[in-house]
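The values are calculated or read from the model by the stated rules, or taken from the named source; none is laboratory data. Computed from a prediction, not measured in an experiment: that's the story for all the values here. Counting neighbours? That spans all protein chains shown, and the Cβs are built from the backbone with ideal geometry, glycine included.
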């Protein structure tokens, strides 16, 4: 962490999940331990052979290594499965390829998932991910503007994360009193009120509890529209009512809510 591609990129890259999401997913799949390496200039300069000696042998004492068939590692992407097998034969570990997974004849990749999300096809994204697309975080106290407008929201800052989507969405919120709550959410800069950072604001339908400090997960069900700058707060409020009604329709008709 960060991803090598993100480390070398000139602009932040959209991510499908946070480090916490990855670790929770690994734990749910039965992984007992994970080693997280900070990718920096020192690691980027490490040759593939030195990485094997330092990380796989010295740090991990590896007996088996499993990587994707097209996996590359080390300085200038100099290492691959063939190198792992050669060094493994000498050092006493075995290297194996992981098969590429497909869905409906299509290779599952982060690029394909981001493309589905960008097109608003959350069902396709969920099929490729193996789960619904979500963004999680701790609920922070905001400017209370939503409450003044009649739409109190749970606010989650993305920080350095870059979301692959922005706009207004019908959502489900997980982590609230053991239930899944339906709602409507805004993810973006909030141009009408002069927002300067991307913020996820989720309004939970028919809920009046206090969520501050709680870690919740927002599941995106359907995109309702793009962000828009309105002339004033009255115009924004009217649109928020329309968005809430549209989200209720989507969630009630197509995606029943369960506890």
Checklist entry - Quick one: would you say residue 160 is assigned by TED's automatic domain parsing to the domain that holds residue 249, touching a residue at least 12 places away in the same chain (Cβ under 8 Å) and farther than 30 Å from residue 246 by Cβ? => result yes
Item to check | Subset of region 79-119 [out of contact with any strand residue (DSSP E or B) (no Cβ under 7 Å at 6 or more places or on another chain), without any contact (Cβ under 8 Å) to a residue 12 or more places away in the chain and in a helix (DSSP H, G or I)] | outcome: 82, 86, 89, 90, 111, 115
Next on the checklist: It is to be established whether one or more residues within region 158-180 are modelled with pLDDT of 90 or more, assigned to a loop (DSSP other than H, G, I, E, B) and farther than 26 Å from residue 11 by Cα.
Outcome noted: no
Item to check | Exclusive hit being more than 18 Å from residue 3 (Cβ to Cβ), under 28 Å from the mean Cα position of the chain (by Cα) and surrounded by fewer than 11 Cβ atoms within 10 Å (Cβ to Cβ), set 99, 90, 64 | outcome: 99
Checklist entry - Which of the residues spanning region 207-228 are outside any strand (DSSP E or B) and without any contact (Cβ under 8 Å) to a residue 60 or more places away in the chain? => result 207, 208, 209, 210, 228
Checklist entry - How many residues does region 27-55 hold that are loosely packed, with under 12 Cβ neighbours inside 10 Å and either over 27 Å from the mean Cα position of the chain (by Cα) or in a helix (DSSP H, G or I) (or both)? => result 4
Next on the checklist: Please verify whether residue 20 is more than 30 Å from residue 126 (Cα to Cα), loosely packed, with under 15 Cβ neighbours inside 10 Å and touching a residue at least 24 places away in the same chain (Cβ under 8 Å), treating the condition exactly as stated.
Outcome noted: no
Next on the checklist: Going residue by residue through region 140-157, is there one that turns out to be modelled with pLDDT of 90 or more and assigned to a loop (DSSP other than H, G, I, E, B)?
Outcome noted: no
Item to check | Scope region 127-138; condition in a helix (DSSP H, G or I) and more than 13 Å from residue 104 (Cβ to Cβ); matching residues | outcome: 129
Next on the checklist: So if I check each of 160, 114, which one is within 30 Å of residue 192 (Cβ to Cβ) and exposed (fewer than 12 other Cβ atoms within 10 Å of the Cβ)?
Outcome noted: 160
